[in-house]
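Everything below concerns the one structure shown next.
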Amino acid sequence: DTSRPSLIRLEDGCELSMRATLIGHFRESEGITIEQDAFVGPGAIILPNVVVGRGAVVAAGSVVTRSVPPMTVVQGNPAVPVARCGVPLLPEIPLKEFSRNLRPLPARVPKS
């Protein structure tokens, strides 16, 4: 958010990939926090009033409209939780180890 960057808080060790867009304000909604060791994938969009929790992962191209719990992987539009992380996605942790420690969440059945 280039017009009000003070509304965005990036904590130590978080990573923002290329073309990730953080929209820090819209009407009454304000602020985004990306907590420690969180990872935001390429092309993801984070909307106002969202906290991406410690060690969470936002998959590429996802649109995050609600806060993401710590150590949770979200994906889609709107982004929904799909897995729990056993370890954060950090540069020093091999992708194989990160993947091995993922625990899928049960699929949600849409209400009819």
Notebook entry, point to check: Under the rule of -39500 (n - 2.57) per DSSP H run of 4 or more residues, summed and divided by the residues of the chain, what mean residue ellipticity at 222 nm is obtained, to the nearest 500 deg cm²/dmol?
Noted result: -1000 deg cm²/dmol
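Find out how many positive minus negative residues lie around VAL80, taking Lys and Arg as positive, Asp and Glu as negative, among other residues whose Cβ is under 11 Å from that of VAL80. Each step should come with its number before you reach the end.
Details: positive: ARG66, ARG108; negative: none.
Neighbourhood net charge equals +2.
Around ASP37, with a cut-off of 15 angstrom between Cβ atoms, what is the net charge of the other residues, counting Lys and Arg +1 and Asp and Glu -1? Walk me through the numbers before you get to the answer.
Values: positive: ARG9, ARG54, ARG84; negative: GLU11, ASP12, GLU15, GLU35, GLU92, GLU97.
Local charge sum for ASP37: -3.
Among PHE98, PHE26, PHE39, what's the order by accessible area (1.4 angstrom probe), most exposed first?
Values: PHE98 15, PHE26 125, PHE39 45 Å².
Solvent-accessible surface, decreasing: PHE26, PHE39, PHE98.
Largest first, what is the accessible-area ranking of ASP37, ASP12 with a 1.4 Å probe? All intermediate terms of the calculation are to be shown ahead of the outcome.
Numbers: ASP37 30, ASP12 125 Å².
The most accessible residue leads, giving ASP12, ASP37.
Could you calculate the contour length gain from ARG19 to VAL80, that is, 0.36 nm times the residue separation minus the distance between their Cα atoms, to one decimal place in nm?
19.9 nm
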Notebook entry, point to check: Which ³J(HN,Hα) values, rounded to whole Hz and listed in residue order, are derived for segment 9-25 from phi using the Karplus coefficients 6.51, -1.76 and 1.60 in 6.51 cos²θ - 1.76 cosθ + 1.60 with θ = phi - 60°, glycine and proline given as x?
Noted result: 10, 10, 8, 3, x, 6, 10, 10, 7, 4, 6, 5, 10, 10, 9, x, 8
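As a test of reading the structure, rank ARG4, ARG100 by solvent-accessible area (1.4 Å probe, protein chains only), most first. Write out the running numbers ahead of the final one.
Working: ARG4 95, ARG100 150 Å².
These residues rank, largest area first, as ARG100, ARG4.
The values are calculated or read from the model by the stated rules, or taken from the named source; none is laboratory data. This is a predicted model, so every value here is computed, not measured. Neighbour counts run over all protein chains shown; Cβ positions are idealised from the backbone, glycine included. Quick note on the areas: whole protein, heavy atoms, side chains included, nothing else; ligands and nucleic acids left out. Shrake-Rupley method; radii C 1.70, N 1.55, O 1.52, S 1.80 Å.
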